[in-house]
Amino acid sequence: MMNDLQLPGLFSLIAYDSIDSTNEEAKRLAETGAAHGTLVWAQSQEQGHGRRGRSWVSDPGNLYCSFILKPDRPVHEASQLSFVLAVSVAKTIDKQFQNQNIANHVQCKWPNDVLIGGKKASGILLEMIPRNNHDQASIVAGIGVNIEHFPTNTEFQATSLKAEGLSDVSTESFLEMLCDQFSRWYAIWLTEGFQTIRQAWLDKAFGFGETATVRLATETYSGVFETLDPQGSLILNDHGNRRHIAAGDVYFDPSVRQIAD
Ligand code: BTN
């Protein structure tokens with residue numbers, strides 16, 4: 001398949017027509033020594049998967065790709081990359097709208113979804129493989145972006161770039177722009193640290209100041225979405241009682257939600 005994309009030097013592309021999952025392929029490659037910046041891209045996936053073992057519909061027309069990253073950072077910092085990627089995806093989608101002079105409302109939903117007009121357009125799946133010593137990891141960062149189509153039977157409503165009025169975006173051009181954004185935000189993360197990424201993410205946060213419910217493995221917890229802590233955990237405030245949520249699915253009550261422009 002065509003793979004003569006113009007990508008920043010950091011990335012080395014491996015392209016497939018179809019594969020089980022770009023994340024699975026990236027994990028196999030990472031285990032056999034693939035370099036930092038290896039990028040696996042497929043036109044379709046037979047077993048695409050999302051967070052918490054959910055399946056990810058992966059017919060041709062959407063973007064399915066996974067980056068192999070080996071940052072010289074301890075594991076607890078490497079997980080910040082999901083925010084680096086979410087900001088990169090959101091900025092890439094923003095630019096597509098700007099190119100066509102269409103007003104839009106692109107937001108980041110904790111932990112790592114990107115929404116257009118409150119509907120999910122992209123999901124990110126970060127997986128870690130231990131490396132060197134137990135305090136470093138190879139990161140496989142998988143990204144799915146709904147360009148041509150979106151699933152209709154999902155718990156959280158989805159959309160696609162096409163459904164939002166962007167009819168002539170190709171997976172190739174989106175991937176090129178995403179790599180451009182990601183190389184910039186990755187460099188910012190390395191030089192300025194998580195604080196700048198956290199602020200860029202918060203500037204686009206969905207549900208900020210609203211009541212959120214988080215489903216954890218053994219309990220459900222509600223509170224006002226106050227901010228992110230310095231590690232990227234969601235801080236929910238339940239009548240003055242602050243709770244830091246490191247992982248979980250978050251839901252906002254649509255009856256109390258108002259999207260500000
Ligand atoms: C989510 O929102 O649950 C995360 C979805 C991640 C989907 C992408 S598509 C490319 C990569 N390969 C996979 O199997 N999953 C990720």
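If you check every pair at least six apart or on different chains, which have Cβ atoms under 7 Å apart with a residue in region 154-179 that is on the phi > 0 side of the Ramachandran plot first and a residue that is part of a loop (DSSP other than H, G, I, E, B) second?
So the pair list comes out as Gly165/Ile102.
Using the structure shown, decide if Thr159 is out of contact with any helix residue (DSSP H, G or I) (no Cβ under 7 Å at 6 or more places or on another chain), β-branched (Val, Ile, Thr) and in the same structural domain as Ser79 (by TED's automatic domain parsing).
Values: out of contact with any helix residue (DSSP H, G or I) (no Cβ under 7 Å at 6 or more places or on another chain): yes; β-branched (Val, Ile, Thr): yes; in the same structural domain as Ser79 (by TED's automatic domain parsing): yes.
Yes: the conditions hold for Thr159.
I'd like to verify a number: residues in region 43-61 that are within 8 Å of the ligand (Cβ to nearest atom) and either under 17 Å from the mean Cα position of the chain (by Cα) or in contact (Cβ under 8 Å) with a residue 60 or more places away in the chain (or both), how many?
Qualifying residue count, region 43-61: 8.
Would you check if there is a residue in region 167-190 being surrounded by fewer than 20 Cβ atoms within 10 Å (Cβ to Cβ), farther than 30 Å from Pro71 by Cα and not aliphatic (A, V, I, L, M)?
yes
Here is a yes/no grid of residues against (1) part of a loop (DSSP other than H, G, I, E, B); (2) more than 21 Å from Ile14 (Cα to Cα); (3) in contact with a helix residue (DSSP H, G or I) (Cβ under 6 Å, 6 or more places away or on another chain):
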{"residue": "Pro111", "(1), (2), (3)": "yes, yes, no"}
{"residue": "Lys120", "(1), (2), (3)": "no, yes, no"}
{"residue": "Ile124", "(1), (2), (3)": "no, no, yes"}
{"residue": "Met128", "(1), (2), (3)": "no, no, no"}
{"residue": "Ile139", "(1), (2), (3)": "no, no, yes"}
{"residue": "Ile143", "(1), (2), (3)": "no, no, no"}
{"residue": "Glu148", "(1), (2), (3)": "yes, yes, no"}
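Which numbered condition in (1) more than 13 Å from Ser88 (Cα to Cα); (2) buried (at least 19 other Cβ atoms within 10 Å of the Cβ) is the only one that Thr220 fails?
Status for Thr220: all satisfied but (2).
Check Ser160 against each of (1) within 20 Å of Ile245 (Cβ to Cβ); (2) surrounded by 20 or more Cβ atoms within 10 Å (Cβ to Cβ) and name the one condition it does not meet.
Unmet for Ser160, out of (1) within 20 Å of Ile245 (Cβ to Cβ); (2) surrounded by 20 or more Cβ atoms within 10 Å (Cβ to Cβ): (1).
Among the residues of region 98-109, write down those that are outside any strand (DSSP E or B) and hydrophobic (A, V, I, L, M, F, W, C).
Within region 98-109, Ile102, Ala103 meet the criteria.
Can you tell me how many residues in region 9-27 are exposed (fewer than 15 other Cβ atoms within 10 Å of the Cβ), within 21 Å of the chain's Cα centre (by Cα) and not in a strand (DSSP E or B)?
Keep residues of region 9-27 that are exposed (fewer than 15 other Cβ atoms within 10 Å of the Cβ), which gives 9, 12, 17-18.
Narrowing the set further to residues that are within 21 Å of the chain's Cα centre (by Cα) leaves 12.
So of that shortlist, the ones also not in a strand (DSSP E or B) come out as none.
Going through region 9-27 one residue at a time, the tally reaches 0.
Which residues, taken from region 79-130, are within 14 Å of the ligand (Cβ to nearest atom) and of a type in the set (Ser, Thr, Tyr)?
Those that are within 14 Å of the ligand (Cβ to nearest atom) and of a type in the set (Ser, Thr, Tyr): Ser82, Ser122.
Which residues, counting only those in region 180-238, are in contact with a Ser or Thr (Cβ under 9 Å, 6 or more places away or on another chain) and of a type in the set (Phe, Trp, Tyr)?
Answer for region 180-238, where residues must be in contact with a Ser or Thr (Cβ under 9 Å, 6 or more places away or on another chain) and of a type in the set (Phe, Trp, Tyr): Phe182, Trp185, Tyr186, Trp189, Phe208, Tyr221, Phe225.
Go through the residues of region 86-109 one by one and say whether even a single one is touching a residue at least 24 places away in the same chain (Cβ under 8 Å), charged (D, E, K, R) and under 16 Å from Met177 (Cα atoms).
So the first thing to find is which residues in region 86-109 are touching a residue at least 24 places away in the same chain (Cβ under 8 Å), and the list is 86-93, 95-97, 100, 102, 104-109.
Narrowing further to those that are charged (D, E, K, R): 91, 95, 109.
Filter again for under 16 Å from Met177 (Cα atoms), leaving 91, 95.
Checked against the condition, which is being touching a residue at least 24 places away in the same chain (Cβ under 8 Å), charged (D, E, K, R) and under 16 Å from Met177 (Cα atoms), region 86-109 yields at least one hit.
The values are calculated or read from the model by the stated rules, or taken from the named source; none is laboratory data. Model, not experiment: these values are computed from the prediction. Heads up, the Cβs are rebuilt from the backbone with ideal geometry, glycines too, and the neighbour counts pull from every protein chain shown.
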